[in-house]
1. Taking the conditions exactly as written (among the basic types (Lys, Arg), over 21 Å from the mean Cα position of the chain (by Cα) and either over 15 Å from residue 200 (Cβ atoms) or at pLDDT 95 or above (or both)), does residue 333 satisfy them or not?
2. What single numbered condition from (1) aliphatic (A, V, I, L, M); (2) part of a strand (DSSP E or B); (3) under 30 Å from residue 337 (Cβ atoms) fails to hold for residue 170?
3. Which residue is farthest from residue 413 (Cα to Cα), if the candidates are limited to segment 81-97 and must be crowded, with 23+ Cβ neighbours inside 10 Å and among the hydrophobic types (A, V, I, L, M, F, W, C)?
4. Looking only at segment 378-400, decide whether some residue is assigned by TED's automatic domain parsing to the domain that holds residue 203, modelled with pLDDT under 95 and in contact with a Lys or Arg (Cβ under 8 Å, 6 or more places away or on another chain).
5. Among the residues of segment 1-21, count how many are over 13 Å from residue 118 (Cα atoms) and either modelled with pLDDT of 95 or more or in contact with a helix residue (DSSP H, G or I) (Cβ under 7 Å, 6 or more places away or on another chain) (or both).
6. Can we say residue 71 is surrounded by 23 or more Cβ atoms within 10 Å (Cβ to Cβ), under 23 Å from residue 360 (Cβ atoms), hydroxyl-bearing (Ser, Thr, Tyr) and modelled with pLDDT of 95 or more?
7. So which of 24, 130 is within 23 Å of the chain's Cα centre (by Cα) and at pLDDT 95 or above?
8. Being at pLDDT 95 or above and in the same structural domain as residue 79 (by TED's automatic domain parsing) is the requirement here; does residue 154 meet it?
Amino acid sequence: MPAIDFTKAGEEGIKILSDAVRINTVNPPGDELPAALYYQKLFEGAGLAPEILKPSETRANLILRLKGKGSAGPLILLSHLDVVGVEKEKWKYDPFGAAIDDGFLYGRGAIDDKGMGALFAELVLLIARNKIPLKRDILYVACADEEAGGKQGVCWLLENHRDKIAAEAAINEGGRVKLNNGKVQYVAIQNAEKVPYHIHLRVKGTPGHASIPLPDNAIFRLAKALAKIEEYKTPLKLNDTTRAVFRGVAELEGDSPTGFFARSVEDPLIGAYAREQLTKHPYFNSILRNSIAPTIFKSGIRENVLPSEAEATLNCRLLPGEKVEEFVAELKKVVADDTVEITHRQGKAAGVGPSATSNEVFQALSSSAVKTWPGAKVFPFMSTGATDSAELRSIGVACYGILPFPLTEADEARMHGHDERVSLKSFTEGLGFMYRTLEEVAFA
C-alpha cells in the first residue's frame, strides 16, 4: 500500500470541509443541491463519475461508486448534506464562514455531519489518486434531509433507487471518540439506536370569556395529564448493546461508584439498585429505558379567551424492538382520562435490532481505533438520537456509527448548539483512523 502523508491529506480534507460549511444547507428547507454539485465537481476533477439524484428541484443526494473486485459486498461511507438551523446572533463566528481560530474550524455541520462528508471525500480521493485496489465496492453516499427524518434522503433513495445503494455494510455517524485531558479515553462504535416517535396529546374544552372560568378548561386538564406522565417511570431494561456499554464503563471507571454500579447491572442481589443508581446519569438513564420528553405545548388565541383545545407533543425514544402501540397503550393507562386523545406518528424503521459486533466492519473499526489511539477502550454503543442507519438496518445492511474525530464532552455538546467546531488535529487523526479501517476491510 502507498505511504500516505496524513498531514497533507488532512489539510486538503479541511479545505473540503471549509467549502462545504460555506454552503448553507439548513433544513428546513434543506436545498442541498449546491452542496451536491460541489462534491460532483470535486470528484469529477479526480476523474470519477458521481451521480446526483434529486427528489425535487432543490433537494439532492449524491452517490459515487468506487469499483472493487467483488470478493466482498459493497461498503457505504454515509453522510448527510443538510444541517440544523442556527441562532446566528448567539455565535461568536459566522456559522457559514468556516473560520479557523486557535486550531479549530467553526461552522454549522463541522461535526454533524459535513465533517464526515469531507473526511469520506478525502478518503475517496486518496484511493482514486493512489489507484488502491479494492476487494469490495465502496459507495460514497451523501444524503439529503437527515435532520428532518430522511424522507427526501435515505428513505427516498431506498424507495426509488435501492439498487444504487445496495450494500452489505455501512459506516455512518453515531458513535464517539471521547477525548479527555488531551488523550482519547474510549471509542464507542454505534451498532444500535433508539427509535424516535412523536406522541401527541390533545384535549378539547369549551371556549368562552376568561372572566367566567369553566370546569373543562383544556389547559388545566392537559397539564394534569402531563403531570401524571412526568411522574411515570418507564421500566428499566437491558439489551446486548447496553450490557456491552456497561462492561466498557466498568473498565473505564474502575473502583469508582459508577464503575461498581456498571459491573453490577445484572447482579441477582443488587442489580435493580445498581440500574436505578446509573439512571442519575442522563445518558445511562436514556439507554436503560423508553424516554419521554415534552417539547411543544400549544393552546389559546388570546389572553382573555378560554381555549377550545390544548395540545402537547412528546418526543419519545423507544428501545430497539419495542412496540409503540404498547407504549401508547401504557400512557393511556397512566393518564386515565378518556377525554385526553393520545396519538403517535411513526418513527424511523421501527423495531430494528442492533448490528452484530462480530461483523468484520465492526472488528476493523475496533482494531484500527486501538492502532490509532493506543490504550483507548473500544466498545459498542447505542445512540439515543436517530440517524439514517435505522433505515439501512431495516433492509439488512449492517451499520456502524462513529464520529471519527476525537471530541471533548464540551465540543460534543456544540453539535446542534452554538459555535459548533472541530479540531484540525482531531480531523487529521480521524482521517488516519478511517483510512486504517478501510485498509482492513476494503483494500485488496
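1. Yes; evaluated as a whole, the condition is true for this residue.
2. Failed condition: (3).
3. 81
4. The answer is no, given that none of the residues of segment 378-400 is assigned by TED's automatic domain parsing to the domain that holds residue 203, modelled with pLDDT under 95 and in contact with a Lys or Arg (Cβ under 8 Å, 6 or more places away or on another chain).
5. Qualifying residue count, segment 1-21: 6.
6. no
7. One residue alone meets the criteria, 24.
8. yes
The values are calculated or read from the model by the stated rules, or taken from the named source; none is laboratory data. These numbers were taken from a predicted model, which means no experiment stands behind them. Heads up, the Cβs are rebuilt from the backbone with ideal geometry, glycines too, and the neighbour counts pull from every protein chain shown.
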